[in-house]
Each structure stands twice: as structure tokens, then as C-alpha cells.
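I have a structure here, written as C-alpha cells, and I will follow up with some questions on it.
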Amino acid sequence: MPAAGPCVRLQSSRALFTTLALAVVGPLAVPASAQSPVTPRQPSGPVIQSAGAASTVDAPTFVVPNGHRLKSVFVIDAGGNDTTKVNAKLSTMARFYNLHALNGFPEARLAVAAVVFANGWQSVLTDAAFAARFGGAANPSRVLVEELLQHGAQLVLCGQTASSARIRRDELIPGVKVAISAMTALNVLQADGYLLNPW
């Protein structure tokens, strides 16, 4: 076989040099903040302790204006009849509190509400009411609902859902409100500046 010419050897040397240079320089060219923008997620806290996993974000480039107040309304329309798991939609509300607090946003500038209807109503029942309807099981979301209420969240049950499911007022966790309908509550809350959280 004929020996490789000088041009082939030169090209091979250049390719090898480029590969080695990228291997050495590449990792050093990316700032540390770009490599690891978040810290490991913590399962709950610092505001809501029973749910709401969140992470600290290092130097976010989308900055919330000074003094801005975040007002969000969540729709709780599913997950209420699970007898073993906390309602995932309520956990999202907990995350809203925790992820902002972890990143230095004052809890006093958070306003949170939820409108409960369809298959979410079971989550706002007392343990006794839940047990009576679901074979003796305690409401797995009760502790979270109570904690959200303690931190100023509004939880509003659709009156039409309550009527359909024959829910008595004394079956609701204390602090849960009842509206004429979910449509009524969503209209009023959004008119009051609460933005609908899309999930």
C-alpha cells in the first residue's frame, strides 16, 4: 500500500489537534451558571410543608419587576376521588408558593385561589365526610387544603357541583367557600386580577 502523502498527514494532524482542543477548551468555555442554573429540587417548603416540590433558580434572566404582585387562580376539576394520593392540582398550588419563596419572592405578594368543581370536590371534604363516601379512607388532601387556607389561599367550591353531589356545608373543610357556580367564581376572581393558571 502506498504511503500517505503530506496533504493527508497534514489533514489528519489538524483533525486530531481540533478534537483535542475541543476536549480541553469546550467545558471551560461554558460559564458555571449556564451549566447548572438550578439547585436540586426539595420536596416541600419553605411555605407549604405537606407538598410543593420546587428548586432555586440561579440568576434568572426573566426578572419580576420590583413590587409586582402575583395573583393566580387554579382550576381543581380532577383527582379528588383518589383515596391514596394528594390531589396533584392542589400540589401545583403548593409549588406556586414554594418556588417563589425559595427564590426570594415575598409571600405577602402572592395571592392564590382555586375553584373546585367536577371531579375535584372530594379534595375539600373533611376526613369524616370523605370516609363516609369512600369506604372509610381519610381524605389524603385534607392536610394540604388546611395548610393552603392557613397561608391565605381561597378555595371555592362550585355550588352546582355541591348540589349535584349532595354535599352538605358541614362536610367541607372549614374555610372552604361555596359559590353559585364555578363560572361565577372564575369570572369574579379574574375580574379582580387573578390570572388563570393554565395547568
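Based on this model, can you work out whether ALA94 counts as under 30 Å from THR39 (Cβ atoms), small (Gly, Ala, Ser) and part of a strand (DSSP E or B)?
no
Anything in segment 158-175 that is touching a helix residue (DSSP H, G or I) at 6+ places or on another chain (Cβ under 6 Å) and under 21 Å from VAL188 (Cβ atoms)? List them, or say none.
Answer for segment 158-175, where residues must be touching a helix residue (DSSP H, G or I) at 6+ places or on another chain (Cβ under 6 Å) and under 21 Å from VAL188 (Cβ atoms): CYS158, THR161, LEU172, GLY175.
So how many residues does segment 49-58 have that are surrounded by fewer than 17 Cβ atoms within 10 Å (Cβ to Cβ) and closer than 24 Å to LEU149 by Cα?
So the count comes out to 3.
Moving to a separate point now. VAL112 - would you say it is more than 20 Å from PRO140 (Cα to Cα), of a type outside the set (Asp, Glu) and assigned to a loop (DSSP other than H, G, I, E, B)?
Judged against the criteria, VAL112 is not a match.
Can you tell me how many residues in segment 133-150 are under 22 Å from PRO46 (Cβ atoms) and free of Cβ contacts under 8 Å to residues at least 24 places away in the same chain?
Residues flagged as under 22 Å from PRO46 (Cβ atoms) and free of Cβ contacts under 8 Å to residues at least 24 places away in the same chain within segment 133-150 amount to 1.
Out of all the residues in segment 102-123, is one or more over 24 Å from the mean Cα position of the chain (by Cα), more than 30 Å from PHE62 (Cβ to Cβ) and modelled with pLDDT of 95 or more?
No, that holds for no residue.
Residues checked against (1) among the small types (Gly, Ala, Ser); (2) at pLDDT 85 or above; (3) surrounded by 13 or more Cβ atoms within 10 Å (Cβ to Cβ); (4) under 30 Å from VAL156 (Cβ atoms):
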| position | (1), (2), (3), (4) |
| --- | --- |
| GLY5 | yes, no, no, no |
| ALA23 | yes, no, no, no |
| LEU28 | no, no, no, no |
| PRO60 | no, yes, no, no |
| SER72 | yes, yes, yes, yes |
| ASP82 | no, yes, yes, yes |
| ARG95 | no, yes, yes, yes |
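The values are calculated or read from the model by the stated rules, or taken from the named source; none is laboratory data. Please read these numbers as outputs of a predicted model, since none were measured by experiment. In this analysis, Cβ positions are derived from the backbone assuming ideal geometry, glycine residues included, and neighbour counts consider all displayed protein chains.
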